[in-house]
Amino acid sequence: MEHSPWPVVERGPDGTITLAAGAGVTESVVRDLANGAAPPPPFTVRTLAPLPAVPPGERAITVDQTNHSVIAGEAVVVKWFPAPSRAPHPAPAVLAHLAGFASVAAPYAVIFWEDALVALVTAYLPGSRDGWEWCVDEAAAGRTGFASDLGRLAAELHAATAAPSATFPDPVRLPPRPDFAARAEGALREALSLTDGDDGDWLARHAGELRAELAPLAGAGRTPLIHIHGDLHVGQVLQWRGGYAVVDFDGNPTVAEAEAFQPAARDLAQLLTSLDHVGQVTVLRRSADPAATAAWVRSARSETRTAYENGLADAGRADLLDRSLLRPFEVEQECRELIYAARHLPRWRYAPMGVLRGWFA
């Protein structure tokens, strides 16, 4: 009997893989998964939880993204990876570890083609909007009431990540002194080489100041490491009918072969700098007053950080945050934003450059 449609996967002469999931494919795959049908080889499926009954129909999520996400039956989201990699992917293990954590969209399955991860299947959260929508709305209105929820959500995520599970029986590690400085210096060098024009000239003139901000990393002591989110910005936080949820555990797209276990401060630094980026977006796209928006950023950052620290303390895990790493990691993150802009989204460069110009005016 002919199998229902699944994605088309092609292997290039150099071994690279490309995937195309045309119209109707996602609905077909979800139906097969819900019915327990075996996937066509060489596809394999790792089930994390039973799928609910999924009504017919599908619609693509049309926002800018590296991957291709499709909602099936207004109940399930399938995130397809158009350029799958055979390298180990962090998401399956993290989702399995966080099973039962209420503030993550329920994971149902992961799909492989041979040994390459090609899709993640999770619950769809009704009415969900990511932070580049809802948080920009808050900034435009001058509201910071969300910040306590945002900080506490990040703290609860880290506390859950630090709790042992069958997937990560040893979730908190304290290795010998890590070399954070080399990674940060590499990010700065790459940002300097990839950023051209007036922005590149400005960056070169301020390279010494940026290095001074990164300098504490050279003397960083031992600090607890957990399996961090790795790309924790407001765009990964959905606001939906049930509150807030964290999505996309794919790691940082600008760090090749990054160690999964990192200080919690790295996630927090990225989350806080993303609030600076929200300010930049709000000024550009909503014509918001720069001074008022800068004040909003300061308040939102402060309230988010306070709620995060209080949340860790309430969970008995205040030890996870090394405050001395926050500022250097923030500066490194802005360098990584410039790398991302240069490689993937040139029009994004205004945001990290606006932040850096504000920091080092």
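What follows is calculated from the coordinates using simple rules that are stated; it is not laboratory data. Small disclaimer: the values here were computed from a predicted structure and weren't measured. As a convention, Cβ positions derive from the backbone with ideal geometry for all residues, glycine included, and neighbour counts pool all protein chains shown.
If you rank Arg301, Arg347 by fewest surrounding Cβ atoms within 10 Å, what's the result?
Ranked by crowding around the Cβ, least crowded first: Arg347, Arg301.
Before anything else, pin down the relative contact order of the chain: Cα pairs under 8 Å, at least 6 apart, normalised by residue count, whole percent.
On the way: 601 pairs, mean separation 62.6, N = 361.
Relative CO of the chain lands at 17 percent.
For every other residue with a beta carbon closer than 15 angstrom to the beta carbon of Ala34, add +1 if it is Lys or Arg and -1 if Asp or Glu, then tell me the sum.
Overall, the nearby charge balance is -3.
Which helices pass in the chain if a helix is a full DSSP H run, must span at least 30 angstrom along its long axis by Cα, and must have mean Kyte-Doolittle hydropathy not below 0.0?
Membrane-span-like by this criterion, though nothing is claimed about a membrane: 264-286.
Which of rounded, prolate or oblate describes the range 131-359 when judged by the alpha-carbon gyration tensor and an a/c cut-off of 1.5?
It comes out oblate by the Cα gyration axes.
Can you put Phe81, Phe168, Phe261, Phe360 in order, fewest other beta carbons within 10 Å first?
Phe360, Phe261, Phe168, Phe81
From the residues Ala106, Pro90, Ala20, which one has its Cα farthest along the dipole of the range 19-109 in the positive direction, the dipole being from +1 and -1 charges on Cβ of Lys/Arg and Asp/Glu about the Cα centre?
Most positive-ward Cα: Pro90.
Suppose only helical runs count, i.e. DSSP H with n ≥ 4. What mean residue ellipticity at 222 nm does that imply for the chain under -39500 (n - 2.57) per run, divided by all residues and rounded to the nearest 500 deg cm²/dmol?
-13500 deg cm²/dmol
For Val278, Val255, Val246, what's the fewest-to-most ordering of other Cβ within 10 Å of each Cβ?
Ranking Val278, Val255, Val246 by Cβ neighbours within 10 Å, fewest first, gives Val255, Val246, Val278.
Find how much the distance from Ala87 to Asn35 grows on full extension, using 0.36 nm per residue of separation minus their present alpha carbon separation; answer in nm with one decimal.
Extra length available between Ala87 and Asn35 comes to 15.7 nm.
What's the center-to-center distance, using Cα atoms, between the range 303-325 and the range 59-104 in Å?
28 Å
Could you calculate the contour length gain from Glu309 to Ala49, that is, 0.36 nm times the residue separation minus the distance between their Cα atoms, to one decimal place in nm?
Extra length from Glu309 to Ala49 when fully extended: 90.4 nm.
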